[in-house]
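The values are calculated or read from the model by the stated rules, or taken from the named source; none is laboratory data. Just so we're clear, the structure is a prediction, and the values are computed from it rather than from any experiment. FYI the Cβ positions are ideal-geometry reconstructions off the backbone, even for glycines, and counts take in every protein chain you see. These accessible areas exclude ligands, DNA and RNA; they are computed on the full protein's heavy atoms, side chains included. Shrake-Rupley method; radii C 1.70, N 1.55, O 1.52, S 1.80 Å.
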Amino acid sequence: MHIEAVADNIFPGDWRVEELGEDGEVHIAIFSGPLAEQRAKEYLLFRRMSDGQPLRQPHPRRAAAGARKS
């Protein structure tokens with residue numbers, strides 16, 4: 001599954017969360033209004049948590065520091 005939040009190309013200020021499932025299904029959630037970007041990113045995090053995806057990648061410097069301590 002691939003999911004991402006992107007600014008809408010057609011309607012300035014709107015944000016979309018686009019999800020492509022492993023079976024080829026496409027789901028799109030559209031957010032508009034003054035908090036559209038924030039709400040889209042919150043929804044993206046919610047979808048990633050519910051699907052067990054990592055929320056974000058570790059910072060490269062921290063990951064390298066952790067590897068050197070071992």
Residues of segment 1-44 satisfying the condition of being in a loop (DSSP other than H, G, I, E, B), at pLDDT below 95 and open to solvent by less than 80 Å² (accessible area, probe 1.4 Å): M1, G21, G24
Output for Cβ contacts, cut-off 6 Å, separation at least six or different chains, first residue free of Cβ contacts under 8 Å to residues at least 40 places away in the same chain and within 11 Å of A7 (Cα to Cα) in segment 25-38, second surrounded by 13 or more Cβ atoms within 10 Å (Cβ to Cβ) and basic (K, R), reads I30/R16; F31/R39
I'd like to know if segment 45-57 contains one or more residues that are open to solvent by 50 Å² or more (accessible area, probe 1.4 Å), out of contact with any Asp or Glu (no Cβ under 6 Å at 6 or more places or on another chain) and modelled with pLDDT of 90 or more. yes
